[in-house]
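> Sharing a structure here in structure tokens format.
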Amino acid sequence: MSKMKIVAVVVALVAIVVFIAGFIFQPKELTVSNGSGQTSVFRVGPGKDAAGGQIYSISTVTADATFDKEGKIISVHFDALEVLSPNDSEHEGAPRFSGWPGQAGYLTAPASTVEIAAKEVSEWQTKLERGDAAYGMNISEQYAVYEEFFKGKTVAEVEAWFAKNTSDKNGRPLKANSTDPDEQAKYSQLTDEEKQVLADVTSGASVSLKDAHGDFIGALKKAYDSRAEVKIPVK
């Protein structure tokens with residue numbers, strides 16, 4: 001047998017051994033972790049009722065996230081439920097709670113009953129369930145931008161990015177054309193690379209990540225803190 005043929009046979013045998021070894025030692029399962037977290041914030045608003053009475057609301061953000069063994073985000077899904085006080089009639093279809101059954105109604109709202117309260121709660125819908133049209137903005141797309149941007153980052157890295165790249169006043173991502181002096185000063189401290197990354201984010205999302213409308217960063221942190229190991233079979 002020629003030297004070239006011997007080399008070819010050896011290479012082929014090595015390839016076969018490597019293939020068999022890879023098949024034998026291939027992990028039989030993949031270990032990740034998954035967790036869900038919620039945060040609730042209270043707001044004076046939105047607006048007032050027809051008689052001038054203050055409307056109040058509570059917004060609960062839910063984050064469901066999956067992490068790899070290093071704690072990096074594989075996927076995250078956000079949604080929010082905003083419930084308004086019983087005197088609201090200006091926001092058609094918005095979830096509201098008429099109050100504890102048997103108690104006097106709040107301001108112009110009538111007293112609630114068990115039947116009324118139960119019906120209201122059963123009809124509550126989250127922001128994604130209500131849809132973009134209900135809020136006059138592309139909430140679902142903006143949530144999706146953040147969900148995609150957070151992939152591959154740890155919660156600590158997301159928190160660090162949030163602290164450096166969003167407004168201290170409203171939790172919205174900074175923008176180059178902001179007229180607020182404090183936001184301008186904070187934006188000027190970013191590197192050119194950081195500004196480009198931020199521009200990519202703000203091209204698709206501008207809703208706040210932490211303000212009186214909801215705390216997404218806190219919900220993500222709670223999802224990580226509550227995570228549990230999940231083993232996924234590998235076929």
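> Quick one: K164 ticks every box in (1) surrounded by 15 or more Cβ atoms within 10 Å (Cβ to Cβ); (2) more than 25 Å from I58 (Cβ to Cβ); (3) touching a helix residue (DSSP H, G or I) at 6+ places or on another chain (Cβ under 8 Å); (4) free of Cβ contacts under 8 Å to residues at least 60 places away in the same chain except a single one, so which number is it?
It fails just one condition, (1).
> While we're here: Any residue in region 207-235 that is under 22 Å from L84 (Cβ atoms) sitting within a Cβ distance under 6 Å of a residue that is modelled with pLDDT of 95 or more and among the basic types (K, R)? List the pairs, counting only those 6 or more apart or interchain.
Partner pairs satisfying both residue conditions: S208/R172; A212/R43.
> Could you list, in sequence order, all residues of region 123-135 that are farther than 18 Å from D88 by Cα and in a helix (DSSP H, G or I)?
L128, E129, D132, A133, listed by residue number.
> Another question about this same structure. Can you tell me how many residues in region 175-184 are surrounded by 10 or more Cβ atoms within 10 Å (Cβ to Cβ), over 23 Å from the mean Cα position of the chain (by Cα) and of a type outside the set (D, E)?
So the count comes out to 3.
> Checking G45 against (1) touching a His at 6+ places or on another chain (Cβ under 9 Å); (2) at positive phi, which single condition isn't satisfied?
Checking G45 against (1) touching a His at 6+ places or on another chain (Cβ under 9 Å); (2) at positive phi, the one that fails is (1).
> Got at least one residue in region 53-72 being assigned to a strand (DSSP E or B), charged (D, E, K, R) and touching a Gly at 6+ places or on another chain (Cβ under 6 Å)?
Yes, region 53-72 contains at least one residue that is assigned to a strand (DSSP E or B), charged (D, E, K, R) and touching a Gly at 6+ places or on another chain (Cβ under 6 Å).
> Tell me yes or no: at least one residue of region 112-135 is over 19 Å from V61 (Cα atoms), within 27 Å of the chain's Cα centre (by Cα), exposed (fewer than 12 other Cβ atoms within 10 Å of the Cβ) and not polar (S, T, N, Q).
Among the residues of region 112-135, at least one is over 19 Å from V61 (Cα atoms), within 27 Å of the chain's Cα centre (by Cα), exposed (fewer than 12 other Cβ atoms within 10 Å of the Cβ) and not polar (S, T, N, Q), which makes the answer yes.
> Please go through region 88-110 and give me each residue that is among the small types (G, A, S) and in contact with a strand residue (DSSP E or B) (Cβ under 8 Å, 6 or more places away or on another chain), ordered by number.
Answer for region 88-110, where residues must be among the small types (G, A, S) and in contact with a strand residue (DSSP E or B) (Cβ under 8 Å, 6 or more places away or on another chain): just A94.
> Need pairs with beta-carbon distance below 6 Å; first residue on the phi > 0 side of the Ramachandran plot and within region 64-80, second among the β-branched types (V, I, T); sequence gap 6+ or separate chains.
Close Cβ pairs (under 6 Å, with a partner that is among the β-branched types (V, I, T)) amount to G71/T154.
> Sticking with this structure for a sec: Answer with yes or no whether R172 is surrounded by 18 or more Cβ atoms within 10 Å (Cβ to Cβ) and either over 25 Å from I73 (Cα atoms) or not acidic (D, E) (or both). Quick ask: steps written out before the conclusion?
Details: surrounded by 18 or more Cβ atoms within 10 Å (Cβ to Cβ): yes; either over 25 Å from I73 (Cα atoms) or not acidic (D, E) (or both): yes.
The answer is yes for R172.
The values are calculated or read from the model by the stated rules, or taken from the named source; none is laboratory data. Since the model is a prediction, treat every value here as computed from it, not as a measurement. Heads up, the Cβs are rebuilt from the backbone with ideal geometry, glycines too, and the neighbour counts pull from every protein chain shown.
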